[in-house]
Amino acid sequence: MEPKTPLGHMVREVWPLIILSVGLLLVVAIIQSLDDRIISQSLTEGLIRLVVVIGLYIFIGNSGLISFGHIGFMMIGAYATAWQTMDPMTKDIFVPGLPGYLLANSHHWLVATIIGGLVAAIAAFISGLAMMRLSGIAASIGTFALFMSFYSLYLQWSTWTAGQSSLVGIPVTTTPWVAFWFCIVAMIGAFVYSRSKFGLALRASREDEVAAKAAGVDVTGERVISFTISAFFVGMAGGLYGHFLGLLTVDTFYLPMTFITLSMLVVGGMQSLSGAVVGTIILSLVIELLRKAEKGVDMGGTNISLPASSAEVGLGVILLLILIFRPTGFTRNAEIYWPFKPKVAVTEVTHRQS
Amino acid sequence: MAFALQVLMNALSLGSLYALAALGIGLLFGVLKLINFAHGDFITVGAYALIVPSAATQATLMIGDFHPLILIPCIVAVVVILALIAEFLVFRPLRSASPATLMIGSFALGFVIQNILIMIYGGRPKAVGIWSDLSLGVELMEGVEVPKLQLIIIGVTLVLMVVLVLFLTKTKYGVHMRAAAEDFRMARMLGIEANRVIMLAVAISGMLAAAVSMLFVVQTGILEFRMGVSLMLFAFIATVIGGMGSLVGAVVGGFAVGAVSILLQTFLPSEMRVFRDVFVFAIVIFILLVRPQGLVMSRASRERV
């Protein structure tokens, strides 16, 4: 059935966005109605991860390049936000190296989070100018090197980041609903970007770089734009994360975080927003279940538990199975489309063999 | 003069480790178009294989107690078997996938290996001392003393490189492998058996990883479940600045990264020395800005249309 009114057309245009937002709203509302503090904390963490994964999708999904570096931008955003919101008294103790203005003043967490995202975006823009000149695979390795250099920089930069100990005293402001609204904003951002002139040009280069170049797409430039936008959202997610935990350590933003968020995107389907959301929901559930199993289940009086870090092993095995048996992810890289029309066979995106 | 020689030896020995690791990564990239993010974990496994599997804080030597002539083949066997298992379970099913998928696959594999190591051995670093007399100094000339180990590292690397070059140029399988790296599809059409060439490349890459793990663990004396990751990272950087897909480039890149690290280590003021790696990366990014295709251009690195 084709929509007949202008409104109907508009609804159809943004259909994936509507269905994903409503779905997410239902999930959050149901879990919140359970009124369980621990579950609601897991929910918040999952929603923050969702913002990260949507940010990853903006770059990886549209450009087709894998980035191992985005958790570095999450870290930059997290610290930049915390520098602004912490109590000036605590800042004197933990991060005495901050410039005078930051030491003496605090911002509202929302302003601080947005500025944190911008700081991450600036870092991404500058490093992207260099990284995006590299060809596909070399660029991935470049982002990994970038990530490791941010990590070692923050680990050693103790007058700003408290180095190897943790930065405590960050106000806890991220509730499930705050995180939910950031997810919605990130989804809208990702949706609008991927259908904009810039997003379409980048997607064209993803499918065939040479043809896109021939058609006048400035591939490097488009990649830098997408890298910057995605780092903005990932950086804001970092800010939310700091204000969810109430403390920050550099080690939070290391390989496990990179791995978990990247697998969420891949499991859902790298090239669609729906994939980012679906993958995050599914893997968050799996992680919760495996963590429960690590703690142990009572069965007839005996506590049966999986050994420590089996959640990580399980996650890795799931990712490998998905890559082998369904490389386009759960959503087959497609968005959730307008349901009221004759069914068109979804053709799977096949990669050219080289 | 003596000081310069000392710095040179340091740079050569660190560069040797990076070059060996980069060769292992470069070989697989040539044949499989695989960026092996699990290579660092192969190195880690080789080092952990020296001790008894247990979560105890004190490491007890197992294979590490054997006579070197038995120890070395044992470690090599462990790593090669691990690499072949990885080839059968992960790389082979993913062979027709895009390079990006393969890369994520190897990243997942590395993550699984790391966490299995934590499961078996616990997450804390462990001290392990084997062949500690190798770190004693040898006087090269008047006033220049270097640890015996540095000479061994450089020597082993040279020997392995010569053997690899002879293998690749003088033997039938080596020629097959080079042909496959140049143009895999064409090589198959000319009757080269794909599975055999790939398994051989995986096995050689495993042997190189085992060599690195032994040299590295003797040097540091510490087992840590992420010990291979930082080595792998520098090896990656070496392959990128050397030029992807070129083995000569990997070696050149390895020595270049080693030299830059040691020079920074030596000449940075002491309060800046903790930021050494950051400076290394900054220099690497600068090199890439000037030469995005790497120092040594190979045919395979150009993406064909």
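Tell me, which residue of region A:157-175 that is among the hydroxyl-bearing types (Ser, Thr, Tyr) and in contact with a Leu (Cβ under 7 Å, 6 or more places away or on another chain) is surrounded by the fewest Cβ atoms within 10 Å (Cβ to Cβ)?
Filtering region A:157-175 for residues that are among the hydroxyl-bearing types (Ser, Thr, Tyr) and in contact with a Leu (Cβ under 7 Å, 6 or more places away or on another chain), the one surrounded by the fewest Cβ atoms within 10 Å (Cβ to Cβ) comes out as A:Ser166.
Take B:Arg226 and tell me if it is basic (Lys, Arg) and at pLDDT below 80.
Judged against the criteria, B:Arg226 is not a match.
Looking only at residues that are out of contact with any helix residue (DSSP H, G or I) (no Cβ under 7 Å at 6 or more places or on another chain) and surrounded by 16 or more Cβ atoms within 10 Å (Cβ to Cβ) in region A:322-338, which one is farthest from the other protein chains (Cβ to nearest Cβ)?
Among them, the one singled out is A:Ala334.
Using the structure shown, decide if B:Phe167 is aromatic (Phe, Trp, Tyr), touching a residue at least 60 places away in the same chain (Cβ under 8 Å) and either in contact with a helix residue (DSSP H, G or I) (Cβ under 7 Å, 6 or more places away or on another chain) or closer than 30 Å to B:Tyr48 by Cα (or both).
no
Residue by residue through region A:200-242, note down the ones that are more than 12 Å from the chain's Cα centre (by Cα) and among the small types (Gly, Ala, Ser).
A:Ala201, A:Ala204, A:Ser205, A:Ala211, A:Ala212, A:Ala214, A:Ala215, A:Gly216, A:Gly221, A:Ser226, A:Gly239, A:Gly242 - these are the residues of region A:200-242 that are more than 12 Å from the chain's Cα centre (by Cα) and among the small types (Gly, Ala, Ser).
Only one residue in A:Phe232, A:Phe253 is farther than 29 Å from B:Asn115 by Cβ, more than 14 Å from every other protein chain (Cβ to nearest Cβ) and either of a type in the set (Lys, Arg) or in contact (Cβ under 8 Å) with a residue 24 or more places away in the chain (or both), so which one is that?
A:Phe232
Determine whether B:Ser96 is under 26 Å from A:Leu319 (Cα atoms), assigned to a helix (DSSP H, G or I) and out of contact with any helix residue (DSSP H, G or I) (no Cβ under 6 Å at 6 or more places or on another chain).
Judged against the criteria, B:Ser96 is not a match.
Within region B:55-70, how many residues turn out to be in contact (Cβ under 8 Å) with a residue 40 or more places away in the chain and closer than 22 Å to B:Ala203 by Cβ?
Matching residues across region B:55-70 total 1.
Checking the structure you have, find out if any residue of region B:46-69 is within 30 Å of A:Gly61 (Cα to Cα) and of a type in the set (Ser, Thr, Tyr).
Among the residues of region B:46-69, not one is within 30 Å of A:Gly61 (Cα to Cα) and of a type in the set (Ser, Thr, Tyr), which makes the answer no.
From the residues in region B:136-168 that are charged (D, E, K, R) and surrounded by 12 or more Cβ atoms within 10 Å (Cβ to Cβ), which one is nearest to B:Ile204 (Cα to Cα)?
B:Lys148
What residue, among those in region B:220-248 that are of a type in the set (Gly, Ala, Ser), over 14 Å from the mean Cα position of the chain (by Cα) and within 12 Å of another protein chain (Cβ to nearest Cβ), is nearest to B:Leu149 (Cα to Cα)?
Once the filter is applied, the top-ranked residue is B:Gly242.
Conditions tested, residue by residue: (1) at the interface with chain A (Cβ under 9 Å from one of its Cβ atoms); (2) over 27 Å from B:Ala181 (Cα atoms); (3) at pLDDT below 85.
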position	(1), (2), (3)
B:Phe267	no, yes, no
B:Met272	no, yes, yes
B:Ala282	yes, yes, yes
B:Phe286	yes, yes, yes
B:Arg291	no, no, yes
B:Gly294	yes, no, yes
B:Ser298	no, no, yes
B:Ser301	yes, no, yes
B:Val305	yes, no, yes
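Taking the condition of being under 15 Å from A:Trp181 (Cβ atoms) and charged (D, E, K, R), how many residues in region A:18-46 meet it?
Number of matching residues: 0.
Picking from A:Ile54, A:Ile66, which residue would you name as being over 19 Å from A:Thr252 (Cα atoms), under 22 Å from the mean Cα position of the chain (by Cα) and at pLDDT below 95?
One residue alone meets the criteria, A:Ile66.
Could you tell me whether A:Leu153 is within 14 Å of chain B (Cβ to nearest Cβ), free of Cβ contacts under 8 Å to residues at least 12 places away in the same chain and in contact with a Phe, Trp or Tyr (Cβ under 9 Å, 6 or more places away or on another chain)?
yes
Can you find, within region A:197-223, the residue that is surrounded by the fewest Cβ atoms within 10 Å (Cβ to Cβ) among those that are among the β-branched types (Val, Ile, Thr) and within 14 Å of chain B (Cβ to nearest Cβ)?
Filtering region A:197-223 for residues that are among the β-branched types (Val, Ile, Thr) and within 14 Å of chain B (Cβ to nearest Cβ), the one surrounded by the fewest Cβ atoms within 10 Å (Cβ to Cβ) comes out as A:Val210.
Give all pairs with beta carbons closer than 6 Å in which a residue from region A:85-105 that is under 13 Å from A:Leu247 (Cα atoms) meets a residue that is surrounded by 15 or more Cβ atoms within 10 Å (Cβ to Cβ) and at pLDDT below 85; count only pairs at least 6 apart in sequence or on separate chains.
Sorted first by the residue in region A:85-105, then by its partner, the list stays empty.
Looking at region A:289-303, is at least one residue out of contact with any helix residue (DSSP H, G or I) (no Cβ under 7 Å at 6 or more places or on another chain) and of a type in the set (Ser, Thr, Tyr)?
Yes: region A:289-303 contains one or more residues that are out of contact with any helix residue (DSSP H, G or I) (no Cβ under 7 Å at 6 or more places or on another chain) and of a type in the set (Ser, Thr, Tyr).
Kindly indicate the residue of region A:278-300 that is of a type in the set (Gly, Ala, Ser) and in contact (Cβ under 8 Å) with a residue 60 or more places away in the chain and also nearest to A:Glu312 (Cα to Cα) among those meeting that condition.
A:Ser284
Under 17 Å from the mean Cα position of the chain (by Cα) and buried (at least 18 other Cβ atoms within 10 Å of the Cβ) - does that describe any residue in region A:92-110?
No, every residue in region A:92-110 fails to be under 17 Å from the mean Cα position of the chain (by Cα) and buried (at least 18 other Cβ atoms within 10 Å of the Cβ).
Filter region B:1-15 down to residues that are farther than 8 Å from B:Gln150 by Cα and touching a helix residue (DSSP H, G or I) at 6+ places or on another chain (Cβ under 6 Å) and give me whichever is surrounded by the most Cβ atoms within 10 Å (Cβ to Cβ).
Only one residue tops the list, namely B:Gly15.
So that you can scan it fast, the table gives a plain yes or no per residue for (1) modelled with pLDDT of 95 or more; (2) more than 14 Å from chain A (Cβ to nearest Cβ):
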{"residue": "B:Leu28", "(1), (2)": "no, no"}
{"residue": "B:Gly40", "(1), (2)": "yes, no"}
{"residue": "B:Ile63", "(1), (2)": "no, yes"}
{"residue": "B:Leu71", "(1), (2)": "no, yes"}
{"residue": "B:Ala77", "(1), (2)": "yes, yes"}
{"residue": "B:Leu82", "(1), (2)": "yes, yes"}
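If we keep just the residues of region B:203-232 that are among the aliphatic types (A, V, I, L, M) and not in a helix (DSSP H, G or I), which is surrounded by the fewest Cβ atoms within 10 Å (Cβ to Cβ)?
B:Ile222
What's the number of the condition B:Ile120 fails, among (1) surrounded by fewer than 16 Cβ atoms within 10 Å (Cβ to Cβ); (2) assigned to a helix (DSSP H, G or I); (3) more than 10 Å from every other protein chain (Cβ to nearest Cβ)?
It fails just one condition, (3).
Would you say A:Ser33 is under 22 Å from A:Ile281 (Cβ atoms), of a type outside the set (D, E, K, R) and under 18 Å from the mean Cα position of the chain (by Cα)?
No: the conditions fail for A:Ser33.
I need a count of the residues in region B:5-26 that are within 14 Å of chain A (Cβ to nearest Cβ) and under 27 Å from A:Leu320 (Cβ atoms).
4
Could you tell me whether any residue of region B:43-54 is modelled with pLDDT of 95 or more and within 14 Å of chain A (Cβ to nearest Cβ)?
Among the residues of region B:43-54, at least one is modelled with pLDDT of 95 or more and within 14 Å of chain A (Cβ to nearest Cβ), which makes the answer yes.
The values are calculated or read from the model by the stated rules, or taken from the named source; none is laboratory data. Bear in mind the structure is a predicted one, so any value in this text is a computation, not a measurement. All Cβ positions, even for glycine, are placed from backbone atoms using ideal geometry, and neighbour counts span all protein chains on display.
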